[in-house]
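Enquirer: Below: one structure in structure tokens.
The values are calculated or read from the model by the stated rules, or taken from the named source; none is laboratory data. Keep in mind that this is a model prediction, so the values were computed, not measured. Cβ sites come from the backbone with ideal geometry, for glycine too, and all protein chains shown count toward neighbours. With ligands, DNA and RNA removed, areas are computed over all heavy atoms of the protein, side chains included. Shrake-Rupley method; radii C 1.70, N 1.55, O 1.52, S 1.80 Å.
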Amino acid sequence: MSNEVILYDLPSKGGFCWSLNPWKTRLVLNYKGIPYKTEWVEYPDLKPTFTKFGLPPNSSGPYEYTSPAIRLPSGEYLMESRAIVDKLEQLHPSPPLSLDSPYLARAEQLVPKLANAVRPIFMPLVPKTFLNPPSRDYFVASREKALGMPLDAYAAANTAQAWEDAKPVVKEAGAVYAENPDGPFLLGKQVSYADFMVLGFLRMMDRLGIKDRFFAMEGGEKLKELYEAGAKWLERDSY
């Protein structure tokens, strides 16, 4: 049996990883140097593919099956970023992810807060920027049903306020990163999974062409330092 991990990721029109949650897993694999290959699964194929693997649906959240998932060399399948990361840390403890760091809980609050603030900005851009026709149609239909309005209308009504809502969260994130003067990571010179959560978000914003708006906000200079320091783990994004 192959010693490679298989990462099941959402494809893009450009053939690269774009989404926050798969990026968190990909960053861990890249950082730890774990051999892996990517298999791309379109949105409407997630459920039939993962059901075939015997994966149970998510116990919470609006969607039964989500990316990423992985297949370990043992043949075990896992879905959901944190479950995957816990398993990879158990199997490959070095270099460490510092999952016991108090900063992880803070990142787990900050990243969703930031993503929720700018959802009206990035959600309408995702199908236009990234998605192939099968995923685009699925994404638009499911999100418009949840919102009760077209994505373009959602963007038009909320984008300006979303940028304003992002400012205090970026300021808060910058302040958290400023706590350790040794930087650029939350633990100083040592990167951790908490940083990978933030890096995954920033990579998605970069692919959408809007990361510089965040970097220009108060506190954004710390996020820019993080993004530049994490560049080497962001290089492998397409295989």
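Enquirer: How much area per residue is accessible in the chain when the probe is 1.4 Å and only protein heavy atoms are counted (Å²)?
Expert: Per residue, the chain has 46 Å² of solvent-accessible surface.
Enquirer: Roughly how big is the chain's charge dipole about its Cα centre, with Cβ charges of +1 (Lys, Arg) and -1 (Asp, Glu), in debye to the nearest 20?
Expert: The calculation lands at about 300 debye.
Enquirer: In Å and on Cα atoms, what radius of gyration and Dmax does segment 79-147 show?
Expert: Rg and Dmax of segment 79-147, Cα atoms, are 16.6, 44 Å.
Enquirer: Taking N as the number of residues in the chain, what is its Cα Rg relative to 2.2 N^0.38 Å?
Expert: Working it through for the chain, the quotient is 1.00.
Enquirer: Additional query: Any chance you could tell me what percent of the C-alpha pair distances in segment 103-233 go past 27 Å?
Expert: For segment 103-233, the fraction of Cα-Cα distances above 27 Å is 23 percent.
Enquirer: In terms of solvent-accessible area of protein heavy atoms at a 1.4 angstrom probe, what is the ranking of R26, R213, R236, highest value first?
Expert: My answer, sorted largest first, is R213, R236, R26.
Enquirer: Summarise the accessible area of the chain (1.4 Å probe, protein heavy atoms) by the percent that is carbon and sulfur.
Expert: Whole-percent figure for carbon plus sulfur exposure: 52.
Enquirer: Rounded to the nearest Å, what's the spacing between the alpha carbon centres of segment 75-153 and segment 1-68? Just the number, please.
Expert: Cα centroid to Cα centroid, the span is 11 Å.
Enquirer: Karplus couplings for segment 69-86 from phi (6.51 cos²θ - 1.76 cosθ + 1.60, θ = phi - 60°), rounded to Hz, Gly and Pro as x?
Expert: Per residue, the Karplus-derived 3J(HN,Hα) values read 9, 9, 10, 7, x, 5, x, 6, 10, 9, 10, 5, 3, 5, 4, 5, 5, 4 Hz.
Enquirer: Okay, next question. With +1 assigned to the C-beta of every Lys and Arg and -1 to the C-beta of every Asp and Glu, and no other charges, what is the dipole magnitude of segment 103-233 about the Cα centre in debye, to the nearest 20?
Expert: 320 debye
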